[in-house]
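Quick note: the coordinates plus some simple rules give every number you see, no bench work behind them. Just so we're clear, the structure is a prediction, and the values are computed from it rather than from any experiment. FYI the Cβ positions are ideal-geometry reconstructions off the backbone, even for glycines, and counts take in every protein chain you see.
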C-alpha cells in the first residue's frame with residue numbers, strides 16, 4: 001500500500017468539551033476531500049474538531065478525553081497560523097519547496113486581508129506521541145517559524161468546516177493530495193527545524209525545550225504543567241518511572257517556589273504522575289533486556305538476556321595493533337565482493353532512492369540472486385545465506401514479488417527455503433538503534449531479536465529495508481549514523497558477509513537532475529558506507545529543452561565504491577509480461593567502443609554545423625544556454641546522447657573532455673553585443689579534419 005493509500009487514524013470530537021469521540025480510518029485523499037467539501041455551520045462553536053491521532057478512554061474530572069496523557073499515537077501533525085500576514089497559497093508554496101505532502105485549510109476568522117489557516121501533514125506510518133514535537137519543529141521550520149505556540153501542544157485539536165458568511169478554501173501541496181512526501185520521511189528538514197515561541201509564565205505547556213521546562217520548575221512559575229509535560233516527555237523517551245521521579249524530585253527540591261502545602265502535595269504526587277506517563281507513553285513499549293520483544297515470532301529465544309548489542313561491550317576495548325611482520329610473510333588478498341564492484345564483502349552498502357521508485361523490489365531481486373548464487377543484472381553473485389528485514393512490505397506483497405522474480409529467474413520459490421530468510425516487520429517494533437536518554441546506550445530489544453535471527457539462520461548477508469524504520473537516532477549526527485552502521489556490521493562475517501541498507505532520499509534530491517546526492521541527511525550516510533547505490537527515474541528533455549519527462553525506465557548508479565571502480569550504472573525497464581522491472585543487458589566492450597566513436601564524431605559534426613551557421617557554442621555546463629542544449633538541437637548530434645537525463649549529460653561531458661584531450665576542440669572568448677564576455681567552444685584544425693566523413 002502506498003503512502004497516499006494508507007489509512008490514517010483520525011479522531012473527531014463533536015465539540016470543545018471533548019466528552020465524546022468518533023474514530024475514523026481514512027486515506028489522505030479521502031480526508032482532503034472531506035475537508036474540501038466540509039459542511040457549513042452557523043457558528044464556529046457548532047463545528048467539530050479534528051485530530052490526526054487516537055486517544056484512550058481516560059477522562060479528566062470534567063469528563064474530557066482530550067488530554068496529552070490520554071493520547072495513544074499520531075498519524076499526522078497539525079499546525080495553526082493566526083498572524084494574518086501569510087496567505088494559504090504562500091504557505092503551500094513554502095511547503096512545496098521542501099517537498100512536503102500537506103494541506104492548508106482556512107479557519108473561520110480568515111479573511112483575504114488577514115489570513116488565518118491550519119496545516120495538516122500526514123505521516124507514512126503511525127508513530128508514538130513523543131515523535132510529534134520533533135516533526136512539528138520541522139514543519140514549523142519549513143514554514144519559516146510562523147506557527148503558533150499551541151500547535152506544539154500534543155493533544156491540540158482544531159475546528160474544521162465552513163462557517164456561513166466566511167470565506168473558506170482547502171489547498172493541497174502540488175495540487176494533488178497524492179503528491180509530495182510524508183514529513184517523517186524528509187529527515188533533511190532537521191537542519192531547518194524551529195521550535196515554538198518561548199513560553200511566558202502562563203504558557204508553560206508550550207515551552208520549546210527540556211531546559212525551558214526545567215527553568216519553569218526551578219523558578220516556581222506554574223510548575224504544575226511543566227512537571228506533567230517534562231514527565232510525559234521522559235516517559236516517551238523510554239525513561240523508567242523511578243528515574244523520572246528522581247529527576248523531578250531533584251528539580252522540585254531546587255525550586256524557588258515556597259515549599260508550602262501545595263508544593264508538598266505536588267511533590268508527593270510525582271510517583272503517580274510518573275506511573276501515569278509510563279502507562280500512556282510506554283503501554284506498547286517492550287520491556288528492557290529484550291523481555292516482551294518476541295513479537296517478531298514466538299519461537300526465537302532472547303539473546304542471553306544481555307542489554308548490549310554485539311560488539312557493544314568490546315567496542316570500548318580496541319583490538320591489538322595489526323601485526324605487520326605477519327602480513328609481510330603472506331601474499332595480500334584483493335578486496336572481495338559478494339557482487340563484483342557493487343557489494344563489497346565485510347562492509348556496508350547503501351541503496352538509496354525516492355519513496356516508491358522501486359528500491360524494495362530491486363533489493364528483493366538482489367536477495368534472491370545472492371541466496372541462489374545467480375547473476376544479478378548480468379553480474380556474478382557469490383552465493384550466501386541472506387536475512388532480509390522487510391519493514392515496509394507485508395507478506396502478500398513479498399509473496400507477489402518473489403513469485404515474479406522466481407518466474408523470471410526460472411527457479412522454484414521453494415528452493416529459497418533455508419537460503420533466504422525474510423522477516424516481515426510491518427506493525428512491529430523494528431527500531432534497531434536508538435539513544436537511551438539516561439545512559440546514552442543505543443541498544444533496543446529489536447536488535448536482540450536481529451542478533452538471534454542472524455545467529456540461528458546462519459545468514460552472512462543482512463539486508464535492512466529500510467533505514468527509516470530501523471534507525472531511531474539523528475541522521476544528521478555523523479557519530480550516531482556510524483554507530484548504527486557499525487552495530488549492524490558486527491552481525492556479518494568480516495570476510496564473507498555484507499550489509500545492504502535501503503534508505504530514502506529527500507523528494508527534492510530525487511527530483512533534481514542536477515544533483516548527484518543519493519542520500520538524505522548529513523554526509524554521515526555517505527561516509528559510513530563503502531559503496532552507495534542511487535536509484536532514480538530516468539528522464540529525457542524535449543527537443544526545445546523544456547521540462548524533463550520520465551521515460552519509464554530506472555537508472556541505478558554506483559555513485560561510490562571505495563574498493564572498486566565507481567561511476568557504473570545499469571538501466572531497468574518495466575516488463576509487462578514479467579510484471580516487474582528488469583535490467584537491460586549491458587553493452588559489450590566492442591559496443592561501447594563503437595558508441596564512443598560515433599558520439600565523438602556526432603559532437604564534432606554538430607559543433608561544426610553551429611559554427612558554420614554563425615552560432616556560438618557556449619562552454620557553460622549550467623544555465624539556460626549550455627553546450628549540451630545548443631548542440632542537441634543539431635541533426636548531427638548523436639541520438640544516443642539526446643533526451644537529457646543525468647547519464648546522457650554526464651557521458652556528453654566525458655566526451656567533451658575526450659575531445660579536449662585529443663585537441664579537437666578548445667575554449668575561446670567572445671563579447672556579446674552587451675559587451676559581456678563569454679567562453680565558447682571552437683573546433684581546432686585537427687577537429688575539422690576529423691569531421692570528414694569517410
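List the pair-distance distribution P(r) of segment 7-192, using every Cα-Cα distance, as the percent of pairs falling in each 5 Å bin from 0 up to the bin containing the longest distance, rounded to whole percents.
1, 8, 17, 22, 22, 16, 9, 3, 0
For a quick protection proxy, order the peptides 23-33, 479-489 by their average other-Cβ count within 10 Å, most packed first.
Ranked from most to least packed, the peptides come out as 479-489, 23-33.
Ranking 318, 433 by Cβ neighbours within 10 Å, fewest first, what do you get?
Going from sparsest to densest Cβ surroundings: 318, 433.
Would you please give the FRET efficiency between residue 330 and residue 496, computed as 1/(1 + (r/R0)^6) with r the Cβ-Cβ distance and R0 = 25 Å, to the nearest 0.05?
0.85
Explain nothing, just the number: relative contact order of segment 7-192, from Cα pairs under 8 Å at least 6 residues apart, as a whole percent.
28 percent
In Å, what Kirkwood hydrodynamic radius results for segment 1-75 from the alpha-carbon pair distances?
Every distinct Cα pair counted, the radius reaches 13.4 Å.
How do the peptides 90-101, 405-416, 8-19 rank, highest first, by the average count of neighbouring beta carbon atoms within 10 Å per residue?
Taking the mean over residues of other Cβ atoms within 10 Å, the ranking is 90-101, 8-19, 405-416.
Given the peptides 626-633, 134-141, 417-424, arrange them by the average over their residues of other C-beta atoms within 10 Å, most packed first.
134-141, 626-633, 417-424
If you take the Cα Rg of segment 589-690 and divide it by 2.2 N^0.38 Å, with N the number of residues, what do you get?
Its radius of gyration relative to the 2.2 N^0.38 Å reference: 1.05.
Which of rounded, prolate, oblate describes segment 56-111, given a ≥ b ≥ c as roots of the alpha-carbon gyration tensor eigenvalues and a/c under 1.5 marking rounded, otherwise prolate only if a/b is larger than b/c?
oblate
Using 0.36 nm per residue, how much length does the chain from residue 240 to residue 219 gain when fully extended, once their Cα-Cα distance is taken away?
Gain on stretching residue 240 to residue 219: 5.0 nm.
Tell me the relative contact order for segment 550-643 as a rounded percent, counting alpha carbon contacts under 8 Å between residues six or more apart.
18 percent
For a footprinting-style exposure proxy, rank 217, 278 by other Cβ within 10 Å, fewest first.
In order of increasing Cβ crowding within 10 Å: 278, 217.
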